[in-house]
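Some notes on the structure that comes next.
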Amino acid sequence: MEFFLSPSLLSADFANLQRDVEMLNASQADWFHLDIMDGLFVPNITFGQPVVKALKKYARKPLDVHLMIMEPDRYIQDFKEAGADILTVHEEACRHLNRTVSEIKKAGMKAGVSLNPHTPVSMLENIIEYIDLVLIMSVNPGFGGQKFIENAYRKIEETARLKEKYNRNLIIEVDGGVSLENTPKLVACGANALVAGSAVFSAPDPAKRIAEFKAL
């Protein structure tokens with residue numbers, strides 16, 4: 001079973017962040033998932049460009065940066081300079097999504113678009129051929145450790161059909177409530193990148209848990 005695993009540093013130990021980054025470097029994880037929240041688009045505040053820039057000094061794998069913020073266009077170049085390799089914005093936060101995607105790609109990053117649980121996949125139909133990644137939120141964004149929302153399976157399947165029709169190189173990523181138990185079904189539905197936060201960092205041995213994911 002092949003998929004990218006992107007552990008979310010939102011669930012890491014912020015008092016020992018460099019230690020957790022080094023653990024991920026040595027693990028079988030593929031990417032670092034960084035959740036950027038502004039307290040406006042979602043009811044939480046995490047970290048911004050300075051932390052991403054600091055992490056980039058130590059990370060030896062791509063930075064998968066997820067902007068859960070209003071007006072993301074204002075910060076595209078800032079996150080490029082901070083070290084983002086993939087930059088994902090929310091469909092719900094962008095007034096002119098084609099322009100936003102174009103600016104991300106022009107800056108030299110892969111462009112992703114995320115959908116909240118209530119947003120239909122049909123909203124992607126006129127953008128999907130221009131993007132590199134779709135991020136399906138399987139929890140309401142803002143906090144880690146939430147329960148998986150079951151309609152995400154259907155949304156992954158719908159996205160996979162659009163991928164087959166318009167963009168066969170598309171990465172379909174899932175974020176929220178990802179576990180060892182539901183990973184096989186997520187991949188069977190069409191996901192090929194998974195964000196795992198508490199499932200990794202709450203384990204007694206996070207590196208071993210990552211290996212267990214990759215062995216599925």
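For the reader, a short list of remarks on this structure follows.
- Contour excess over end-to-end distance, with Cα ends at residue 212 and residue 147 and 0.36 nm allotted per residue: 21.3 nm
- Cα-Cα over 20 Å, subset of 57/214; 56/80; 57/105; 57/80; 110/163: 57/214; 57/105
- Cβ charges +1 (Lys, Arg) and -1 (Asp, Glu), total dipole of the chain, debye: 320 debye
- Long-range Cα-Cα pairs in the range 4-214 (distance over 30 Å), rounded percent: 14 percent
- The aspartates and glutamates within cross-link reach of residue 155, meaning a Cα-to-Cα straight distance under 12 Å and a gap of 8 or more places when in the same chain, are 173.
- For the range 97-216, the percent of C-alpha pairs falling in each 5 Å distance bin, counted from 0 to the bin holding the largest distance, reads 2, 11, 22, 21, 19, 14, 8, 3, 0.
- Sequence ranges 206-214, 3-11, ranked by mean other-Cβ count within 10 angstrom, highest first: 3-11, 206-214
- Share antiparallel - DSSP beta bridges, the range 4-214, percent rounded to 5: 5 percent
- Stretching the chain fully between residue 61 and residue 181 yields a gain of 40.6 nm (0.36 nm per residue, less the alpha carbon separation).
- Placing a label point 7 Å from the Cα of residue 168 along the Cα-to-Cβ direction, the residues of the range 182-196 with a backbone N closer than 20 Å are 188-193.
Any read-out appearing in this document is the output of simple, stated calculations on the displayed coordinates, not a laboratory observation. Note that the coordinates shown come from a computational prediction; the quantities given were computed from them, not determined experimentally. All Cβ positions, glycine included, derive from the backbone under ideal geometry; neighbour counts span all protein chains shown.
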